[in-house]
Amino acid sequence: MRVREWVVDNPVLRYHLLGRARWVWRRPGWTVRAVAYSGLVLYLWSYFAALSKGGLPWVLGLEILVLFLLSIPITHGLLAGEFERATWESLVLTRLTAGQIIVGKIASRLALVVLIVVLFQPVVFLASATSFVYIPDRLLYFYLLKTQCVVVSWTLFMVAMTSWLSYRIRRGMTTAAVAFGVEVFLLVLFPLLVALFDSVFFPALPDPFEALRKSAASPFALSWAVDLRYLVFYYNPVVVIFSSCLEDDWFSYGAGRWELPGLWGPWQSFVYLLMAFLILLHLLHSVSKATRKP
């Protein structure tokens with residue numbers, strides 16, 4: 001019953017999927033054409049990159065760049081825009097429940113994320129098949145599945161976090177600035193600071209990926225997942241994805257497997273999804289409590 005109420009019969013979801021989409025195309029023609037042509041050029045370039053032997057990192061890098069950066073602009077005004085336009089009170093006074101409001105807005109953005117991921121799948125598959133020529137098909141499919149799970153789950157985490165910031169800050173541009181700052185800090189600045197600190201104060205500390213090689217013998221080992229020395233690297237989605245596509249370093253041709261733990265990738269995806277779920281649950285509770293609606 002909740003699924004039908006929140007998804008199938010949700011006017012907020014229909015408005016953001018259809019009504020807002022029609023409004024976007026009414027913007028000045030040059031802006032729509034600039035975005036469309038730029039996206040088409042990048043998409044066609046990704047096909048040329050996929051055909052080259054070393055094109056997989058470039059294709060994955062483009063997918064990461066598009067999704068990780070796009071997750072904030074499409075989300076920062078979801079709730080903050082209602083406060084800026086002074087329409088939040090009118091929305092709350094309708095018969096819509098808090099669940100319909102939050103799920104409708106978030107689901108519309110998830111639909112866009114899924115569409116972009118689907119568009120990237122032929123390119124990623126072509127690049128993977130070109131780079132990993134000699135591996136079994138089952139390992140190729142597993143590699144594709146786990147890398148895409150990492151990309152999607154981190155994107156959903158950023159969508160959830162930006163939505164929560166949008167409700168708390170209630171200013172769209174401020175929300176975008178804070179969300180971009182958090183993402184850059186988590187993905188770039190914090191790992192660099194930790195690496196610099198380790199190199200200065202702990203020069204004898206082993207390489208973080210040596211522990212992964214030791215854990216690879218046991219497919220379901222999770223000792224690396226709770227190693228406090230390297231958490232900032234092991235839970236960085238960029239590190240997870242690109243470490244999996246370095247064929248020469250990680251693939252064992254004789255054993256027919258990657259020299260990585262079996263849960264490397266799926267475990268991080270689970271953690272990202274769990275954090276996204278908890279953030280959205282807290283957001284739903286906050287809206288429900290503020291509006292006194294279920």
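Things to note:
- Residues in the range 205-234 that are surrounded by 11 or more Cβ atoms within 10 Å (Cβ to Cβ), of a type in the set (D, E, K, R) and either part of a loop (DSSP other than H, G, I, E, B) or modelled with pLDDT of 75 or more (or both): ASP227, ARG229.
- Considering residues of the range 235-294 that are touching a strand residue (DSSP E or B) at 6+ places or on another chain (Cβ under 6 Å) and outside any helix (DSSP H, G or I) only, the residue modelled with the lowest pLDDT: PHE251
- The listed residue being among the polar types (S, T, N, Q) and over 23 Å from the mean Cα position of the chain (by Cα), out of THR97, THR155, THR75, THR147: THR97
- Inter-residue pairs, beta-carbon under 8 Å, first closer than 14 Å to PHE68 by Cβ and in the range 181-194, second in a helix (DSSP H, G or I) and among the aliphatic types (A, V, I, L, M), 6+ apart: VAL182/MET161; GLU183/MET158; LEU187/VAL238
- Leading residue by the ranking (nearest to THR175 (Cα to Cα)) among those in the range 65-96 that are loosely packed, with under 13 Cβ neighbours inside 10 Å and of a type in the set (S, T, N, Q): THR87
- Meets criteria (over 11 Å from the mean Cα position of the chain (by Cα), at pLDDT below 90 and over 19 Å from TYR235 (Cα atoms)) for SER163: no
The values are calculated or read from the model by the stated rules, or taken from the named source; none is laboratory data. All values reported here derive from a predicted model rather than from experimental measurement. When we count neighbours, we look across all protein chains shown, and the Cβ atoms used for this are built from the backbone with ideal geometry, even at glycine.
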